[in-house]
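The structure appears right after this line, and notes come after that.
The values are calculated or read from the model by the stated rules, or taken from the named source; none is laboratory data. No experiment lies behind these values; they were computed from the predicted model shown. Don't worry about glycine lacking a Cβ; one is built from the backbone with ideal geometry, like all the others, and counts go over all protein chains shown. For the accessible areas, the whole protein counts, side chains as well, though only heavy atoms, and no ligand, DNA or RNA atoms are used. Shrake-Rupley method; radii C 1.70, N 1.55, O 1.52, S 1.80 Å.
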Amino acid sequence: MKVRIIWWIQLLINCFFFLQVVQWLEGYFVLEGGLDFVVDILLIILAIILGYALTVKFENDPEK
């Protein structure tokens, strides 16, 4: 149970980090109309995927 809680905390930290990176990158994308919304959604999804990938990569469970 403790390992699972630590994993979720690490996932949240990684996702927040990548969301901050996405927020920084959004300043460089100046698009007109609805395309800006699509790019924002894609960057948020990318941030969540990268946060998950980083969490899984550093998961140290010697029993697996």
Exercise for the section: Just give me the residues in segment 27-41 being assigned to a helix (DSSP H, G or I) and open to solvent by less than 60 Å² (accessible area, probe 1.4 Å), in sequence order. Expected result: Asp36, Val39, Asp40
Exercise for the section: Report yes if some residue within segment 5-17 is aliphatic (A, V, I, L, M) and either open to solvent by less than 60 Å² (accessible area, probe 1.4 Å) or in contact with a Ser or Thr (Cβ under 8 Å, 6 or more places away or on another chain) (or both); otherwise report no. Expected result: yes
